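S.K.: Below is one structure. I have some questions about it.
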Amino acid sequence: MIRRGLSAAERAAVLGRAKAAALVQAATASPRDFATLPQMRVMEELRRQAEARGIPNPFFQPHEAVAGPRTVVAGREMLNFASYNYLDLNGDPRVNAAAAEAMARHGTSASASRMVSGERPVHAALEAALAANYEAEAALAMVSGHATNVTVIGHLMGPEDLVVHDQLAHNSITEGVRLSGARRLAFAHNDAAAAERALAGARGRARRALVVIEGHYSMDGTVPDLAAFRDLARRHEAWLMVDEAHGLGCLGPTGRGVFEAQGVAPEAADIWMGTLSKTLAGAGGYVAGRRALVDWLRHTAPGFVYSVGLPPPIAAAAGCALALMRAEPWRVERLQANTARFRAALQAAGFDTGGSSGGSIVPVLLGDSLRAAQVAAGLARRGVNAQPIGFPVVPEGLARIRFFLSCAHQPAMLDAAVAALAEAAREAG
Ligand code: PMP
């Protein structure tokens with residue numbers, strides 16, 4: 001029998017048991033025992049609870065096709081709402097051809113750091129196109145989006161500095177701040193006044209200051225007021241960095257991002273950051289901004305200098321995807337129309353979509369992690385793939401199923417997913 005999710009008391013019991021077990025283990029186990037590592041116990045306890053309730057593990061399921069509006073998991077075709085393939089460019093024959101051509105010319109690897117023999121023409125071409133998107137002087141692409149934030153923030157800021165960031169900032173941002181040793185202050189989500197209070201209170205003691213926001217928050221689909229953050233950063237002599245991992249391709253009439261959506265000149269941000277893994281159908285990260293910044297990073301940032309260049313086929317694929325985004329704005333229009341339609345249908349069916357307002361991400365808030373997993377399992381049984389997100393990625397109690405939309409979803413697919421979600425939620429209680 002399928003049971004509902006955890007009550008508050010059960011939730012407290014799970015965490016309590018995990019803590020108690022960790023304490024006993026800490027007292028008795030060898031420090032070389034991997035089981036003593038942080039979060040190991042909570043992870044195990046949640047897994048045990050899921051198993052006891054008959055909830056199949058939703059993670060690490062291999063997909064056997066290009067994950068577009070549909071995918072194939074364990075031989076079964078499903079509707080798919082769990083991939084960042086926003087503009088349906090991953091798998092596009094033109095993107096594949098660009099990658100194949102670069103692979104034929106250069107192989108699959110850059111085989112060295114860019115600085116020392118790893119540079120290929122596709123790198124500069126991609127960076128010129130990225131810089132153009134932001135009307136910036138220059139851009140630099142690196143092999144991982146996560147590592148881009150870590151190395152750029154970690155290298156740019158130091159222990160005498162201050163970083164003020166949104167409380168929902170991606171892990172790569174907070175890890176970058178941790179590496180930098182800078183003082184770190186988080187402000188309430190999208191609250192520019194709170195950001196300014198934090199900045200004003202601590203700015204005097206800091207050498208340099210950085211405000212970091214995202215253009216489109218990945219867990220919530222929320223969007224900040226870019227001009228407000230630009231103004232407060234300038235008032236306090238701070239840099240503004242905007243992570244557009246989920247903004248590019250999703251926001252603005254032609255997908256250029258949050259600045260285009262809000263009619264704000266792109267010079268608003270000192271550092272535009274983004275990833276190649278979503279709209280751009282590849283993997284990797286980039287920054288765009290002033291030439292001095294980019295030049296300094298390309299010669300000194302550890303995650304760039306001491307890391308291999310982006311694989312040429314991936315650089316070519318991302319460059320091709322960016323060109324297609326610019327040439328085919330109907331993709332962006334359709335993505336945004338799909339997202340608006342899906343969000344409205346969910347709300348009409350009584351679901352809580354939080355503050356989601358952006359062009360591609362819609363969360364459905366469901367309470368605790370086990371309930372989200374139960375509802376996602378119910379969806380999967382009905383042929384819909386959407387990922388549950390629970391503790392510790394989001395606070396316990398704010399667990400959700402996160403839906404990523406694509407320009408290639410058909411209206412009937414969206415309606416089918418809402419109907420399946422309503423049934424799965426009813427079944428889970
Ligand atoms: N920034 C944000 C806001 C993200 O959501 C992500 C991951 N999706 C990253 C950075 C890291 O990017 P990547 O997965 O391409 O390493």
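The values are calculated or read from the model by the stated rules, or taken from the named source; none is laboratory data. These figures come from a predicted structure and were not determined experimentally. Methodologically, a virtual Cβ is constructed for each residue, glycine included, from the backbone with ideal geometry; neighbour enumeration extends over all protein chains shown.
S.K.: Looking only at residues that are within 14 Å of the ligand (Cβ to nearest atom) and part of a loop (DSSP other than H, G, I, E, B) in the stretch 159-170, which one is surrounded by the fewest Cβ atoms within 10 Å (Cβ to Cβ)?
M.R.: We begin by selecting, within the stretch 159-170, every residue within 14 Å of the ligand (Cβ to nearest atom); these are 165-170.
Okay, now just the ones that are also part of a loop (DSSP other than H, G, I, E, B), so 167-170.
Working: 167: 13, 168: 18, 169: 22, 170: 22.
Step by step, filter the stretch 159-170, then rank; the result is 167.
S.K.: Confirm whether residue 125 is among the small types (Gly, Ala, Ser), in contact with a Leu (Cβ under 9 Å, 6 or more places away or on another chain) and away from the ligand (no atom under 16 Å from the Cβ).
M.R.: Working: among the small types (Gly, Ala, Ser): yes; in contact with a Leu (Cβ under 9 Å, 6 or more places away or on another chain): no; away from the ligand (no atom under 16 Å from the Cβ): yes.
Judged against the criteria, residue 125 is not a match.
S.K.: How about the stretch 35-143: which strands (runs of 3 or more DSSP E) wholly inside it have at least 1 residues that are exposed (fewer than 13 other Cβ atoms within 10 Å of the Cβ)?
M.R.: Working: elements: 70-73, 76-80, 138-142.
Once the strands (runs of 3 or more DSSP E) in the stretch 35-143 are filtered for at least 1 residues that are exposed (fewer than 13 other Cβ atoms within 10 Å of the Cβ), what remains is 76-80.
S.K.: Of the residues 354, 367, only one is of a type outside the set (Val, Ile, Thr), farther than 16 Å from residue 85 by Cβ and surrounded by 22 or more Cβ atoms within 10 Å (Cβ to Cβ); which?
M.R.: Every option except 367 fails the conditions.
S.K.: Any residue at all in the stretch 337-345 that is part of a helix (DSSP H, G or I), in contact with a Pro (Cβ under 9 Å, 6 or more places away or on another chain) and among the polar types (S, T, N, Q)?
M.R.: Among the residues of the stretch 337-345, at least one is part of a helix (DSSP H, G or I), in contact with a Pro (Cβ under 9 Å, 6 or more places away or on another chain) and among the polar types (S, T, N, Q), which makes the answer yes.
S.K.: Exactly one of these conditions fails for residue 177: (1) under 18 Å from the mean Cα position of the chain (by Cα); (2) under 30 Å from residue 336 (Cβ atoms); (3) among the hydrophobic types (A, V, I, L, M, F, W, C). Give me its number.
M.R.: The single condition residue 177 does not satisfy is (2).
S.K.: Is there any pair with a first residue in the stretch 136-161 that is closer than 21 Å to residue 312 by Cα and a second that is assigned to a helix (DSSP H, G or I) and within 16 Å of the ligand (Cβ to nearest atom) whose Cβ atoms are under 6 Å apart and which are 6 or more apart or on different chains, and what are they?
M.R.: 139/130; 141/126; 142/148; 142/304; 146/172; 147/303
S.K.: Please find, within the stretch 144-158, the residue that is surrounded by the fewest Cβ atoms within 10 Å (Cβ to Cβ) out of those that are among the hydrophobic types (A, V, I, L, M, F, W, C) and away from the ligand (no atom under 14 Å from the Cβ). Even if it seems obvious, please write down each step before you answer.
M.R.: To start, the set of residues in the stretch 144-158 that are among the hydrophobic types (A, V, I, L, M, F, W, C) comprises 147, 150, 152-153, 156-157.
Narrowing further to those that are away from the ligand (no atom under 14 Å from the Cβ): 156-157.
On the way: 156: 23, 157: 26.
Applying the filter and picking the extreme gives 156.
S.K.: Kindly evaluate residue 169 against the criterion of being over 19 Å from residue 199 (Cβ atoms) and either among the hydrophobic types (A, V, I, L, M, F, W, C) or touching an Asp or Glu at 6+ places or on another chain (Cβ under 8 Å) (or both). Steps first, please.
M.R.: On the way: over 19 Å from residue 199 (Cβ atoms): no; either among the hydrophobic types (A, V, I, L, M, F, W, C) or touching an Asp or Glu at 6+ places or on another chain (Cβ under 8 Å) (or both): yes.
Spelling it out, it is not the case that residue 169 is over 19 Å from residue 199 (Cβ atoms) and either among the hydrophobic types (A, V, I, L, M, F, W, C) or touching an Asp or Glu at 6+ places or on another chain (Cβ under 8 Å) (or both).
S.K.: Name the one entry in 372, 376 that is in a helix (DSSP H, G or I) and under 16 Å from residue 418 (Cβ atoms). Steps first, please.
M.R.: On the way: 372 fails: under 16 Å from residue 418 (Cβ atoms).
Selected residue: 376, the only one of 372, 376 that is in a helix (DSSP H, G or I) and under 16 Å from residue 418 (Cβ atoms).
S.K.: I would also like to ask the following. Among the numbered criteria (1) in a helix (DSSP H, G or I); (2) out of contact with any Leu (no Cβ under 7 Å at 6 or more places or on another chain), which one does residue 363 miss?
M.R.: (1)
S.K.: Yes or no: the stretch 189-197 includes at least one residue that is surrounded by 21 or more Cβ atoms within 10 Å (Cβ to Cβ), at pLDDT 95 or above, within 16 Å of the ligand (Cβ to nearest atom) and in a loop (DSSP other than H, G, I, E, B).
M.R.: yes
S.K.: Evaluate the following for residue 318: is it within 15 Å of the ligand (Cβ to nearest atom), buried (at least 19 other Cβ atoms within 10 Å of the Cβ) and more than 26 Å from residue 183 (Cα to Cα)? Before you say what the answer is, go through the steps one by one.
M.R.: Numbers: within 15 Å of the ligand (Cβ to nearest atom): yes; buried (at least 19 other Cβ atoms within 10 Å of the Cβ): yes; more than 26 Å from residue 183 (Cα to Cα): yes.
Taking the combined requirement at face value, the residue satisfies it.
S.K.: Before we move on, is residue 275 in the same structural domain as residue 413 (by TED's automatic domain parsing) and within 19 Å of the chain's Cα centre (by Cα)?
M.R.: Numbers: in the same structural domain as residue 413 (by TED's automatic domain parsing): no; within 19 Å of the chain's Cα centre (by Cα): yes.
No, not satisfied.
S.K.: Also, I was wondering about something else. Every residue in the stretch 391-413 that is in contact (Cβ under 8 Å) with a residue 40 or more places away in the chain, surrounded by fewer than 23 Cβ atoms within 10 Å (Cβ to Cβ) and not charged (D, E, K, R), please.
M.R.: Answer for the stretch 391-413, where residues must be in contact (Cβ under 8 Å) with a residue 40 or more places away in the chain, surrounded by fewer than 23 Cβ atoms within 10 Å (Cβ to Cβ) and not charged (D, E, K, R): 391, 392, 393, 394, 397, 408, 410, 411, 413.
S.K.: Among the residues of the stretch 380-417, write down those that are closer than 19 Å to residue 51 by Cβ and in a helix (DSSP H, G or I).
M.R.: Scanning the stretch 380-417 gives 380, 381.
S.K.: Separate question: I'm trying to understand the selection: among the residues of the stretch 172-187, which are assigned to a loop (DSSP other than H, G, I, E, B) and either touching an Asp or Glu at 6+ places or on another chain (Cβ under 8 Å) or within 16 Å of the ligand (Cβ to nearest atom) (or both)?
M.R.: The answer is 182, and nothing else.
S.K.: Find the residue count for the stretch 208-224, including only residues that are more than 12 Å from the ligand (Cβ to nearest atom) and under 23 Å from residue 141 (Cβ atoms).
M.R.: Going through the stretch 208-224 one residue at a time, the tally reaches 1.
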